[in-house]
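Data block below; observations after.
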Amino acid sequence: MSHDLFEAARAAMRLAYAPYSKFPVGAAIRAEDGRIYAGANIENISFPQGWCAEPTAISHMIMGGAKKIVEMAVIAEKLPLCPPCGGCRQKIAEFATAETPIYLCDETGVKKTVTMADLLPHSFETDVIG
Ligand code: THU
């Protein structure tokens, strides 16, 4: 993974709005256009209304006109590595392949690399929708 993807995830984490959990998370995607799209978690006083860092990054990617996650980094300063939550795994899978690498980072860099298939085996797929 290039250092700029890690740096983007870490910089995004510092922009997190997490006054309730006090658990800032950052995510950064390198998309098929070569650009980096980053995001942080954004919480709400009505707790279920908040959302994770990963969908913020995905939103930026889509609004930037890209649609494929080539690689992704996730970081949370309070964990040595932060695997995406279950809901985020489904959201990431929409724009990834089974082989897409996901880098689980701490403040110093990548601690573990996993694939999308590692995170979400036997994922929901069908050709009967749409
Ligand atoms: N969080 C993320 O941003 N990504 C994850 O994959 C796990 C959890 C956020 C949600 C909430 O703002 C805080 O971390 C504590 O759960």
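The values are calculated or read from the model by the stated rules, or taken from the named source; none is laboratory data. This structure is a prediction, so every number in the text was calculated from the model and none was measured. As a convention, Cβ positions derive from the backbone with ideal geometry for all residues, glycine included, and neighbour counts pool all protein chains shown. Heavy atoms of the whole protein, side chains included, go into the accessibility calculation; ligands, DNA and RNA do not. Shrake-Rupley method; radii C 1.70, N 1.55, O 1.52, S 1.80 Å.
Within region 88-109, track down each residue that is closer than 19 Å to ALA9 by Cβ and surrounded by fewer than 17 Cβ atoms within 10 Å (Cβ to Cβ).
Scanning region 88-109 gives GLU107, THR108, GLY109.
Here are ILE36, ILE45, ILE92, ILE58: which of them is within 10 Å of the ligand (Cβ to nearest atom), β-branched (Val, Ile, Thr) and touching a residue at least 24 places away in the same chain (Cβ under 8 Å)?
Result: ILE92 is the single residue among ILE36, ILE45, ILE92, ILE58 that is within 10 Å of the ligand (Cβ to nearest atom), β-branched (Val, Ile, Thr) and touching a residue at least 24 places away in the same chain (Cβ under 8 Å).
For region 1-115, which helices (runs of 4 or more DSSP H) that fit wholly inside it have 1 or more residues that are small (Gly, Ala, Ser) and closer than 30 Å to ASP127 by Cβ?
53-63, 86-93
Return the residues of region 1-33 that are open to solvent by 30 Å² or more (accessible area, probe 1.4 Å) and away from the ligand (no atom under 16 Å from the Cβ); say none if nothing qualifies.
Hits for region 1-33 are MET1, SER2, HIS3, ASP4, GLU7, ARG30, GLU32, ASP33.
If you check every pair at least six apart or on different chains, which have Cβ atoms under 6 Å apart with a residue in region 71-87 that is closer than 13 Å to ALA28 by Cβ first and a residue that is among the aromatic types (Phe, Trp, Tyr) and near the ligand (Cβ under 7 Å from one of its atoms) second?
none
Does GLU125 qualify as being out of contact with any helix residue (DSSP H, G or I) (no Cβ under 6 Å at 6 or more places or on another chain), of a type in the set (Asp, Glu) and part of a loop (DSSP other than H, G, I, E, B)?
In short, yes.
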